[in-house]
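Participant: Pasting a structure below so you can have a look.
The values are calculated or read from the model by the stated rules, or taken from the named source; none is laboratory data. Computed from a prediction, not measured in an experiment: that's the story for all the values here. Ideal geometry is used to build each Cβ from the backbone, glycine not excepted, and the neighbour counts take in all protein chains shown. Ligands, DNA and RNA are excluded from the accessible area calculation, which covers all protein heavy atoms including side chains. Shrake-Rupley method; radii C 1.70, N 1.55, O 1.52, S 1.80 Å.
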Amino acid sequence: MADRLKLFEAFGIELEYMLVDRDTLNVRPVADVLLASLAGGEPTSEFSRGPITWSNELMLHVIELKTTDPAKKIRPLPGQFETAIRDLGPALESLNLRLMPTAMHPWMDPKEEAAIWPHEYHEIYEAYDKIFDCRRHGWANVQSVHLNLPFADDEEFARLHAAVRLVLPLLPALTASSPVVEGVSTGDLDSRMQFYAEHCSAVPSLVGDLIPEPIYDRPTYQTEIFDRIYQDIRRHDASGALCGEFLNARGAIARFDRGSIEIRVMDVQEYPGADVAICAAVIALVKELVSETWSTWQDQRNVPVALLRGILDQVSERAENAVIQSPEFLRLFGHSGSSCRAGDLWAKLLDRMKRHDEVLDSLFAPLEVITDRGTLATRIVAALGKRFTLEDLKAVYDEVADSLDHWGPFEP
C-alpha cells in the first residue's frame, strides 16, 4: 500500500470511439486490423506511443484511447490525445476509416452488425456473450469515458466513494451525447445510460442500481458486492472465465486491486478536449466534496441509493434541462433552493470552482460551450430538427465526426 497513489495525485482517462466507414459512416469491425497496422503488422490488443495507448474493446468496431500511465497533470492531456489521434490518421485513411464520436451510433443494428473481439482474452468476451447476448445496444453500442481517481487507503476510499456517489447523477447534464438510436430520436438525451442500466439484466447484481451502495470500507464492499457478484455469475459461467473486480458494472466501481474508483457515467464527446475539460470539472467537484466545502462527510455518506438513482434517471432523460427537486441533495452542493435545473447547478458550481482552480480555468472553453449552448446531445437534436431522414442523420453526424479533425466543438 505504501506505493499507492493518494487522492487526486494522478488521473486515468479512457475514451472509446467507433470505427466507421469514411464514406457511409456505417460501423466497420476492424479494430484488430487497425491495431496490427499500428504495430507494424503484428497482431496486438494494444499499441502504446508515449503517454497515450490505443487498445481493443469488446466489439471489433470500437477502439479505446487512454492514458498509458496515470497522469500526474491533466492540463497536457488534450494535446497528448490530439497528437495520438493525428498520428492514427494515416492508418485510418489506408483502411478508409474515420473515428466517430458520441456514445451511440445513431443507426447501427447490433443484431446484424456487431462482431466480438476474437483474439486475446476472447474467452472472457465469449462468456459475456453467452450469458448476456452482447449483440445488443447496451453492449455493442455504448461508447463512454472512464475517469479513474486513486485512493491510498480505506480512509481515502471512504471519502472518495461518498463524493463520487453524489456526483454521478449530475454527469449526464454535462456529457449526454446519445439522443438517437436505430435512426430515431429516443426522447432521452443520454440513451446510453438507459441501455447501460439494463445490459446485465440476466445477472442484476453486476450493475446493482447503477448508483453504488453507501459502503465505505473494503471488507463490507467485498461481502456485500463482490461476493454476491461472484456467487451469481458462477451459476451462469461454469468455466470460470469471468472473475475479478472488473465484473462490477455499477456507474462507479471500486478497484481495490489497483487503488482507484472508476467513474463510468459519462458519454464520450465530439473531441477529447471536451472530455478532458469535463473530467477536470468532475475532479474539481469531487475535491470540493471531499474537502467538505458545502457539506460534511457524514451528510454525504448517508444519501440513499434510491434518491440518487431517481435524479440520475431524470438527468439521463433531459440532461441539462432536468429539474432537480430535492432540497436535501442540492444542499450538499451549497444550493439553498428547493429545486434547480441541472444545467444551472453546473453553471453555478463551475463558476465557483474555476475561480480558484487554475487547471479547470485553463481548460474551460469546452465547458463554456456546454453551459451556453447545451450538451452535445442537445446540439445534435437542434441540428436534426423535429423530423429527419437517414440522409439528414448522416450529414449531421459527419459534422460531429469532423470535430475530431478540426479539434473543436460541434456548434450547428
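Participant: Within the stretch 1-20, track down each residue that is at pLDDT below 95 and aromatic (Phe, Trp, Tyr).
Facilitator: Matches in the stretch 1-20: none.
Participant: So, of the residues in the stretch 252-283 that are among the charged types (D, E, K, R) and not in a helix (DSSP H, G or I), which turns out to be farthest from Asp153 (Cα to Cα)? Before the answer, list the steps.
Facilitator: Here is the first cut: in the stretch 252-283, the ones among the charged types (D, E, K, R) are 255, 257-258, 262, 264, 267, 270, 275.
Imposing the further condition that a residue be not in a helix (DSSP H, G or I) reduces the set to 255, 257-258, 262, 264, 267, 270.
On the way: Arg255: 12, Asp257: 12, Arg258: 11, Glu262: 16, Arg264: 22, Asp267: 29, Glu270: 36 Å.
For the stretch 252-283, the residue satisfying everything is Glu270.
Participant: From the set of residues in the stretch 183-232 that are in contact with a Phe, Trp or Tyr (Cβ under 6 Å, 6 or more places away or on another chain) and surrounded by fewer than 18 Cβ atoms within 10 Å (Cβ to Cβ), which is nearest to Arg255 (Cα to Cα)?
Facilitator: So in the stretch 183-232, the residues in contact with a Phe, Trp or Tyr (Cβ under 6 Å, 6 or more places away or on another chain) come out as 183, 199, 202, 215, 218.
Those left that are additionally surrounded by fewer than 18 Cβ atoms within 10 Å (Cβ to Cβ): 183, 202, 218.
Numbers: Gly183: 37, Ala202: 23, Arg218: 10 Å.
Only one residue tops the list, namely Arg218.
Participant: Report those helices (runs of 4 or more DSSP H) wholly inside the stretch 348-412 carrying at least 2 residues which are small (Gly, Ala, Ser) and open to solvent by less than 30 Å² (accessible area, probe 1.4 Å).
Facilitator: Values: elements: 358-362, 365-373, 376-384, 390-406.
Helices (runs of 4 or more DSSP H) meeting the threshold: 390-406.
Participant: Can you tell me which condition Pro43 does not meet? The list is (1) touching a Ser or Thr at 6+ places or on another chain (Cβ under 6 Å); (2) open to solvent by 50 Å² or more (accessible area, probe 1.4 Å), and all the others hold.
Facilitator: (1)
Conditions tested, residue by residue: (1) in contact with a Leu (Cβ under 7 Å, 6 or more places away or on another chain); (2) open to solvent by 20 Å² or more (accessible area, probe 1.4 Å); (3) at pLDDT below 95; (4) assigned to a loop (DSSP other than H, G, I, E, B).
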position: Lys73; (1), (2), (3), (4): no, yes, no, yes
position: Phe81; (1), (2), (3), (4): yes, no, no, no
position: Glu93; (1), (2), (3), (4): no, yes, no, no
position: Met108; (1), (2), (3), (4): no, no, no, yes
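Participant: If you don't mind, another one. Using the structure shown, decide if His119 is assigned to a loop (DSSP other than H, G, I, E, B), open to solvent by 70 Å² or more (accessible area, probe 1.4 Å) and either at pLDDT below 95 or not polar (S, T, N, Q) (or both).
Facilitator: Details: assigned to a loop (DSSP other than H, G, I, E, B): yes; open to solvent by 70 Å² or more (accessible area, probe 1.4 Å): yes; either at pLDDT below 95 or not polar (S, T, N, Q) (or both): yes.
So His119 passes the test.
Participant: Report, by residue number, each residue of the stretch 322-343 that is part of a helix (DSSP H, G or I) and surrounded by 17 or more Cβ atoms within 10 Å (Cβ to Cβ).
Facilitator: Within the stretch 322-343, the subset part of a helix (DSSP H, G or I) is 327-331, 342-343.
If the condition is that a residue be part of a helix (DSSP H, G or I) and surrounded by 17 or more Cβ atoms within 10 Å (Cβ to Cβ), then Phe329, Leu330, Ala342, Gly343 are the ones that fit.
Participant: Every residue in the stretch 298-312 that is outside any helix (DSSP H, G or I) and open to solvent by less than 40 Å² (accessible area, probe 1.4 Å), please.
Facilitator: Here is the first cut: in the stretch 298-312, the ones outside any helix (DSSP H, G or I) are 302-304.
Passing the criteria: only Val303.
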